[in-house]
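Every read-out reported here was derived from the displayed coordinates using simple, explicitly stated rules and does not represent laboratory data. Keep in mind that what you see is a predicted model, and the values were worked out from it rather than measured. Glycine also receives a Cβ, built like all others from the backbone with ideal geometry; neighbour counts cover every protein chain displayed.
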Amino acid sequence: TTVGVLRETAGRERRVALPPDGAERLRKQDVEVLVETGAGHRAWFEDVSYTGAGCAVGSRRQVYAESDIVLCLHPPEDAGDCRPGQVLIGLLGVLHDPGLAQRLAATGVTAISLDLLPRTLSRAQAMDALTSQANVAGYKAALLAAEAYPGFFPMLMTAAGTTRPAQVLVLGAGVAGLQAIATARRLGALVTGYDVREAARADLASTGAAVLDLGTPSADAEGGYARELTGDEAQAQLRGLARAVPRFDVVITTAQVPGGSPPLLVAADALAAMRPGSVVIDLASTAAGGNVEGSVPDTRTVTDGGVTVIGAANLAATVPSAASTAYGRNLLALIAALMPGGEVVLDLDDEIQQAVIVTHGGHVVHPRVKALFE
Ligand code: NAD
């Protein structure tokens, strides 16, 4: 069996799907590894580290032609070069791009999208790439906020007096939010968290953060996710947050609803009421809107009122070594499950495989993805 590793081609992407230490683990199991030239370069993993780990390094064309399993993060633009019988594994985002699923099906490839993993299954946890990458993003969000903030995060006592700690509010207490809270607290900020799920309130309390309660009803959905709020609930939430947000120096937003667009949490009136020098980081920023009104992906803007708004949707890519290492471990766990005896054995009755396999044998086989065409 040969596992291929593609170089990511998206502009700001610096991660690689499998770093050399992960590749070495496969080599020890007698799996061949073929890495596209320069695949790890932007994560500080050079080709010589891969060859030193016993991997072959070759062209992109070779990776497509010779690999039984092809690994990536983002769906490759040239995914049409996949072959029948080959397995492609990545964070393919097919629920947001069903056309991609159809293009992949046409190649005959078995496409596996890790963003469809059933995350609450304990057997799946080692494969949970959304969690590993959100964890990195939440960590970096707190650092980015500290860097952009014109004051100190901690209370510092000096001979000339004491500084006030920064007041940080984290909206959304999933994986990224909880890690942002932990990191901001390690830097000495006073942190408050908020979420709409009942279970998240307990998670928040265990971090030691204060919990913001807007008195709005809880909004739990299946699988540990939040549901979309009704129009009235969303309005009540926005009013509550418009009152709460201006008390904080830093706001980090991480709220997502699966399959939907991110909820608006910090509207223009809340931003306008914040103190000059305040910082808002929107991890949910998209071109079509995020949690913060006017946030632009990968862009730092300053409002007329002096509030720095940072759209930061792909922060895991800015901590490329750690994020690649974590992602590579997720892939190794998945590959181990796919190759129980050293060869790929697909089992569409297996709970995990059923959940993540999008295309197989020339067809889109995933029910939720298929439903998008009907
Ligand atoms: P996510 O990225 O889907 O959303 C981030 C957070 O935003 C969630 O906590 C969500 O409740 C919150 N949110 C959504 N709408 C909101 C709103 N209007 N206002 C405020 N907050 C809002 O979440 P995630 O980080 O992917 O985690 C989703 C769930 O999966 C969580 O319950 C998490 O604990 C669970 N999870 C479980 C495991 C496991 O069991 N091993 C692993 C990872 C995640």
Practice task
Tell me which residues come under 5 Å, amide H to amide H, from residue 358 once H is placed; ignore anything under 5 positions away on its chain.
Solution key: 111, 112, 113
Completion exercise
In the range 135-204, taking the dipole from +1 charges on Lys and Arg beta carbons and -1 charges on Asp and Glu beta carbons about the Cα centre, the listed residue (139, 179, 149) farthest towards the positive end is 149
Fill in the blank from the handout: Normalised Cα Rg of the range 129-264, dividing by 2.2 N^0.38 Å with N its residue count, works out at 1.08
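Compute, for the range 1-117, the length of the dipole vector about the Cα centre, with Cβ point charges of +1 (Lys, Arg) and -1 (Asp, Glu) only. Units Debye, rounded to 20. Present the calculation step by step, with values, prior to reporting the outcome.
On the way: 12 positive and 16 negative charges, 24 e Å.
So the dipole magnitude of the range 1-117 works out to roughly 120 debye.
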Completion exercise
Other residues with Cβ under 14 Å from the Cβ of residue 121 give, with Lys and Arg +1 and Asp and Glu -1, a net charge of -2
Practice task
Above 40 angstrom, tally the Cα pairs of the chain and express them as a % of all pairs, no decimals.
Solution key: 20 percent
Completion exercise
Karplus ³J(HN,Hα) for the range 285-302 (6.51 cos²θ - 1.76 cosθ + 1.60, θ = phi - 60°; Hz, whole; x = Gly/Pro) runs 4, 9, 4, 8, x, x, 7, 10, 4, x, 6, 10, x, 6, 9, 10, 10, 10
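Can you order the peptides 334-340, 198-204 by their average number of other Cβ atoms within 10 Å per residue, highest first? Mind dumping the intermediate values first?
Details: 334-340: 18.6, 198-204: 16.9.
Ranking, from highest mean packing down: 334-340, 198-204.
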Handout entry: Distant-in-sequence amide H partners of residue 302 (H built 1.01 Å from N, under 5 Å)
Key = 309
Handout entry: Unit charges on C-beta of K, R, D, E only; dipole of the range 34-182, Debye
Key = 420 debye
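Pull up the DSSP beta bridges for the chain and report the antiparallel fraction as a percent, rounded to 5. Can you show the working numbers first?
Values: 11 of 49 bridges.
Rounded to the nearest five, the antiparallel share is 20 percent.
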Handout entry: Two-decimal ratio, the range 47-177, of alpha-carbon radius of gyration to 2.2 N^0.38 Å
Key = 1.55
Handout entry: Cα-centred dipole magnitude for the chain, charges only on beta-carbon of K, R (+1) and D, E (-1), debye, nearest 20
Key = 980 debye
Handout entry: Cα-Cα pairs of the range 236-374 separated by more than 19 Å (percent)
Key = 65 percent
Handout entry: For residue 33, distant residues with modelled amide H under 5 Å away
Key = 3, 56
